[in-house]
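Here's the structure, in structure tokens; my notes come after.
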Amino acid sequence: MSQLRSSDHVIVVGAGLAGWRFVESLRAEGFQGAITLVGDEPYAPYDRPPLSKQVLTGKWEVEEATLASPQQLAESGATLRLGVRANQLDVEATSVRLADDSLLVGTHVVLATGSRARPLSFAASGALATLRNRDDLVHLDGVIGSLGPGSAAAVIGGGFVGAEVATSMKARGLTPIVLEAAERPLIAALGEEASTWLLPLAANAEVELRTNQRLDDVRKVNRGFILDFDDGTDLPAKMVLAAVGSSLDLGWLANSGLTLDDGVVVDRDLQAAPQVAAIGDVARFVLRSAIGDEAIRVEHWQIATEHAGELAHFWMSGERASHVMVPYFWSDQYGEKIQMLGHPHPSDEVVIVSGSPEEGRWLALYSRDRLISGVLSLSHPRHLALAKPLLESPIALDDALRRAPWLA
Ligand SMILES: Cc1cc2nc3c(=O)[nH]c(=O)nc-3n(C[C@H](O)[C@H](O)[C@H](O)COP(=O)(O)OP(=O)(O)OC[C@H]3O[C@@H](n4cnc5c(N)ncnc54)[C@H](O)[C@@H]3O)c2cc1C
């Protein structure tokens with residue numbers, strides 16, 4: 001890998017968290033060449049986590065979620081191409097064709113296109129609210145604001161975004177009803193046991209959660225929606241949010257020659273091809289965990305940020321990152337904070353080591369083949385922080401229990 005020179009031109013596709021942090025990191029590393037930042041949304045880069053939390057509850061204006069002030073944008077010296085989609089990538093030529101038919105020819109391309117809300121295929125799908133971007137937020141906020149107190153709002157999906165939006169809806173006086181297809185929310189992400197410990201959160205916050213829900217259809221009617229279930233029952237609701245996870249928009253890369261496999265596949269240095277890299281939610285990257293390398297794709301704010309810094313450093317210095325990565329994710333839902341370190345598999349063993357579900361706060365350790373693979377906490381941030389070293393080198397569960405760093 002030859003290092004970037006000031007005669008180079010880096011095209012960044014995707015003006016979200018990873019794309020913008022990459023621009024910042026590249027300048028911080030001293031890059032003086034040309035940068036073009038392409039984003040299909042018309043807005044300056046902004047942060048998504050506050051959308052379902054501070055912004056939806058009205059604590060923040062949507063503008064407060066911005067990542068880059070006009071001054072920071074100007075100081076970056078990047079050419080902004082906002083409100084226009086990248087439609088085609090030529091890997092050999094490191095060029096990108098935009099939807100307005102303009103052709104950007106660079107020396108390097110970074111793909112930072114994130115993910116989008118997974119659509120549902122019901123009769124009323126086009127009329128269902130989702131929450132992935134700023135336009136979704138403005139629409140959702142408007143719908144919530146137009147409804148009277150106590151109005152029923154169906155939330156399809158009890159995962160992270162569904163639970164956060166239901167919490168915000170409740171705070172704004174609606175009656176959210178969360179419809180989860182599985183036996184419990186978050187089983188697929190956190191495993192059987194942890195999802196059981198988290199099950200009471202909704203009820204404690206007086207939010208109705210219905211599990212094992214099999215939806216046949218969602219229909220638009222005069223005064224809202226009807227949700228039809230496969231057991232013949234139905235549920236009327238004034239509004240419906242579809243929060244059933246994300247999907248990737250990789251169609252435009254189909255003929256690029258890049259390896260696509262639920263993400264853009266990149267190597268240990270985030271390279272998808274010579275001079276072409278992928279970072280953030282869209283990248284299937286190699287996680288350097290203490291217990292071994294693993295190719296994964298995650299939608300974590302912290303990983304998008306870390307990728308950006310790592311790639312900028314690699315392209316500027318040629319130095320490969322080798323430190324252990326400790327993924328971090330948080331979610332504020334039902335008045336509590338869920339935080340996770342590491343990348344545990346749902347089938348890993350998990351044990352609570354401090355607090356308890358009855359107390360409403362706890363810390364749990366995941367292990368795989370007796371080695372610590374993750375730490376999960378409910379509203380116990382200090383203990384979580386103290387447990388982080390357990391993921392920085394391979395540590396046996398017995399050892400971790402003996403050391404109990406969270407008690408320090
Ligand atoms: C509502 C919500 C709440 C969240 N809360 C949390 C949380 O509490 N904790 C946490 O860790 N993570 C959270 N996340 C996840 C976190 O926001 C993401 O991991 C992060 O935004 C990923 O950054 P990214 O740059 O990869 O993608 P994004 O931030 O999605 O940015 C990608 C950008 O690329 C644009 N784009 C896509 N295709 C093209 C194209 N072809 N041409 C041009 N532009 C394109 C997209 O429109 C978008 O603007 C949340 C996400 C959402 C939606």
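The values are calculated or read from the model by the stated rules, or taken from the named source; none is laboratory data. Since we're looking at a predicted model, the values are computed, not measured. In this analysis, Cβ positions are derived from the backbone assuming ideal geometry, glycine residues included, and neighbour counts consider all displayed protein chains.
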Checking the condition more than 9 Å from the ligand (Cβ to nearest atom) and of a type in the set (Val, Ile, Thr), which residue from VAL10, VAL38 passes? VAL10
Name the pairs: first residue in segment 58-81 and without any contact (Cβ under 8 Å) to a residue 40 or more places away in the chain and of a type in the set (Phe, Trp, Tyr), second residue part of a helix (DSSP H, G or I) and surrounded by 17 or more Cβ atoms within 10 Å (Cβ to Cβ), Cβ to Cβ under 9 Å, at least 6 apart or on different chains? TRP60/PRO50; TRP60/LYS53; TRP60/GLN54
Filter result for PHE285 (touching a residue at least 40 places away in the same chain (Cβ under 8 Å) and touching a helix residue (DSSP H, G or I) at 6+ places or on another chain (Cβ under 8 Å)): no
Test result for LEU111, under 23 Å from LEU82 (Cα atoms) and in contact (Cβ under 8 Å) with a residue 60 or more places away in the chain: yes
Only one of (1) within 13 Å of the ligand (Cβ to nearest atom); (2) in contact with a helix residue (DSSP H, G or I) (Cβ under 8 Å, 6 or more places away or on another chain); (3) not assigned by TED's automatic domain parsing to the domain that holds PRO42 is not met by GLY158, so which one is it? (1)
Would you check if there is a residue in segment 247-263 being part of a loop (DSSP other than H, G, I, E, B), away from the ligand (no atom under 12 Å from the Cβ) and closer than 30 Å to GLY162 by Cα? yes
From ALA181, ALA124, ALA189, ALA163, grab the single residue that is farther than 29 Å from ASP348 by Cα, assigned by TED's automatic domain parsing to the domain that holds ARG214 and among the small types (Gly, Ala, Ser). ALA124
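Quick grid of which residues meet (1) within 27 Å of ASP234 (Cβ to Cβ); (2) away from the ligand (no atom under 15 Å from the Cβ); (3) at pLDDT below 95; (4) outside the structural domain of GLU206 (by TED's automatic domain parsing):
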residue: ASP100; (1), (2), (3), (4): no, no, no, yes
residue: LEU103; (1), (2), (3), (4): no, no, no, yes
residue: ARG134; (1), (2), (3), (4): no, no, no, no
residue: LEU137; (1), (2), (3), (4): no, no, no, no
residue: GLY145; (1), (2), (3), (4): yes, yes, no, no
residue: LEU174; (1), (2), (3), (4): yes, yes, no, no
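For (1) hydrophobic (A, V, I, L, M, F, W, C); (2) closer than 25 Å to ASP262 by Cα; (3) within 16 Å of the ligand (Cβ to nearest atom); (4) in a strand (DSSP E or B), each residue gets a yes or a no:
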| site | (1), (2), (3), (4) |
| --- | --- |
| ASP293 | no, yes, no, yes |
| HIS323 | no, no, no, no |
| LYS337 | no, no, yes, yes |
| HIS345 | no, yes, no, no |
| SER367 | no, no, no, yes |
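Please verify whether ARG81 is over 22 Å from the mean Cα position of the chain (by Cα), near the ligand (Cβ under 9 Å from one of its atoms) and not aliphatic (A, V, I, L, M), treating the condition exactly as stated.
yes
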Residues of segment 170-195 being part of a helix (DSSP H, G or I) and either touching a residue at least 40 places away in the same chain (Cβ under 8 Å) or in contact with a Phe, Trp or Tyr (Cβ under 9 Å, 6 or more places away or on another chain) (or both), which ones? LYS170, ALA171, ILE187, ALA188, ALA189, LEU190, GLU192, GLU193, ALA194
Determine whether segment 191-207 contains at least one residue that is buried (at least 22 other Cβ atoms within 10 Å of the Cβ), over 23 Å from ARG297 (Cα atoms) and of a type outside the set (A, V, I, L, M, F, W, C). no
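Quick grid of which residues meet (1) closer than 23 Å to ARG116 by Cα; (2) surrounded by 21 or more Cβ atoms within 10 Å (Cβ to Cβ); (3) among the β-branched types (Val, Ile, Thr):
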{"site": "SER289", "(1), (2), (3)": "no, yes, no"}
{"site": "GLU299", "(1), (2), (3)": "yes, no, no"}
{"site": "HIS307", "(1), (2), (3)": "yes, yes, no"}
{"site": "HIS323", "(1), (2), (3)": "no, no, no"}
{"site": "PHE329", "(1), (2), (3)": "yes, no, no"}
{"site": "LEU341", "(1), (2), (3)": "no, yes, no"}
Take the residues in segment 42-62 that are surrounded by fewer than 23 Cβ atoms within 10 Å (Cβ to Cβ) and among the small types (Gly, Ala, Ser), then tell me which one is farthest from the ligand (Cβ to nearest atom). GLY58
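Could you pull out the residue among ALA400, ALA387, ALA304 that is in contact with a Gly (Cβ under 6 Å, 6 or more places away or on another chain) and in a helix (DSSP H, G or I)?
Values: ALA400 fails: in contact with a Gly (Cβ under 6 Å, 6 or more places away or on another chain); ALA387 fails: in contact with a Gly (Cβ under 6 Å, 6 or more places away or on another chain).
Sole residue among the options that is in contact with a Gly (Cβ under 6 Å, 6 or more places away or on another chain) and in a helix (DSSP H, G or I): ALA304.
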Do the conditions hold for GLU75, that is, is it charged (D, E, K, R), more than 16 Å from the ligand (Cβ to nearest atom), modelled with pLDDT of 95 or more and touching a His at 6+ places or on another chain (Cβ under 7 Å)? no
